[in-house]
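Below you'll find the structure, written out as structure tokens, and then a few comments.
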Amino acid sequence: MSMIVARSLSDLRDVVDLWRGESLSTAVVPTMGALHEGHIRLIAEAKEKAERVMATIFVNPKQFAANEDLSRYPRDEEGDLAKLEDAGCDLAYLPNADEIYPPSFVTTITLGGPAKAGLEDKFRPQFFDGVATVVAKLFIHTAADFAIFGEKDYQQLLVVTQMARDLDLGTEVIGIPTVREDDGLAKSSRNRYLSKHERHQATAIYRTLEQAADKIRAGGDPQVATKAASRSLMTLGFEVDYVTARNAETLAVPTRNDEPLRLLAAARIGKTRLIDNIPV
Ligand code: PAF
């Protein structure tokens, strides 16, 4: 069966209503396109969880600041649709901007908890309001039972999980481990911005996080280990926004030594900002 492409909410609803009528479970993978192996892994997980799988492709202007890369964000609709079809996705939803944000649109969701951890929210203050707004709309539009997100955007995963729960959106959020290149670099649509030299340097993020995690596992102090990781990235030419150890469930600064920890980093190499995180 070939994949359905819905470009309006009413087209999407026609299909979703049909599936509901047949009591089929559904899962959605929200994306901004420029799909890579990481996204395809999310589709595979969605297929494990539900009988019908949807992917959304929408480059959400509300999560980009004026100085960010909205206009140069990679777009490849034809390639993306082919990849989704190959992956066995049942429906691709590509709403236009007016469908998501009609001219009269004024509502945003006020977030707390993991959205105020002082990580991405500190360096991209508009980001999570934009993400939460579009994700809430996409959950409502698709009425999916499950939504699959990558752990690569770990703070985003915790923010949308909390929001979906708090607002009873009826969609259960599931996180999937980060898919990496052979040399450890987390797969990301933004990796294609890297020059050959930067691409080589970029592997240092995962490597220094792993070194810090090893030190912590061996009994080292998380703050000392992450400071050393940050310094070593700076030495390699990165502009570091943060390298930090946080509680893996709340993203709060840890206060006890028996908390589950997550190491998170964001750093710029050249013009490209990369993020990554690992469990300890
Ligand atoms: O992670 C992304 O690609 C985006 O932030 C998302 C979740 C699709 C919302 O626009």
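The values are calculated or read from the model by the stated rules, or taken from the named source; none is laboratory data. These figures come from a predicted structure and were not determined experimentally. So basically every Cβ, Gly included, is an ideal-geometry build from the backbone, and we count neighbours across all protein chains shown.
Some points to look at:
- Verdict on residue 253 being away from the ligand (no atom under 16 Å from the Cβ), among the aliphatic types (A, V, I, L, M), assigned to a strand (DSSP E or B) and free of Cβ contacts under 8 Å to residues at least 40 places away in the same chain: no
- Residue in the stretch 35-43 that is outside any helix (DSSP H, G or I), within 15 Å of the ligand (Cβ to nearest atom) and under 22 Å from residue 185 (Cα atoms) present: yes
- Any hit, the stretch 2-14, residues being farther than 21 Å from residue 160 by Cα and surrounded by 21 or more Cβ atoms within 10 Å (Cβ to Cβ): yes
- Residue pairs whose Cβ atoms lie under 6 Å apart, sitting 6 or more positions apart in sequence or on different chains, and linking a residue in the stretch 35-48 that is at pLDDT 95 or above to a partner that is part of a helix (DSSP H, G or I), are 35/80; 35/83; 40/87; 43/87.
- Positions within the stretch 246-280 being under 16 Å from residue 113 (Cα atoms) and of a type in the set (Ser, Thr, Tyr), in sequence order: 250
- Any hit, the stretch 247-269, residues being exposed (fewer than 14 other Cβ atoms within 10 Å of the Cβ), closer than 30 Å to residue 196 by Cβ and within 24 Å of the chain's Cα centre (by Cα): no
- In the stretch 127-156, of all residues being of a type in the set (Val, Ile, Thr) and more than 10 Å from the ligand (Cβ to nearest atom), the one that is surrounded by the fewest Cβ atoms within 10 Å (Cβ to Cβ) corresponds to 140.
- Screening 214, 183, 121 for residues that are at pLDDT 95 or above, away from the ligand (no atom under 12 Å from the Cβ) and farther than 25 Å from residue 73 by Cα leaves exactly one candidate, 214.
- Within the stretch 22-34, the set of residues being within 14 Å of the ligand (Cβ to nearest atom), among the hydrophobic types (A, V, I, L, M, F, W, C) and assigned to a strand (DSSP E or B) comprises 28, 29.
- Among the residues of the stretch 99-107, at least one is outside any loop (DSSP other than H, G, I, E, B) and either modelled with pLDDT of 95 or more or crowded, with 18+ Cβ neighbours inside 10 Å (or both).
- Some residue of the stretch 56-76 being small (Gly, Ala, Ser) and within 13 Å of the ligand (Cβ to nearest atom): no
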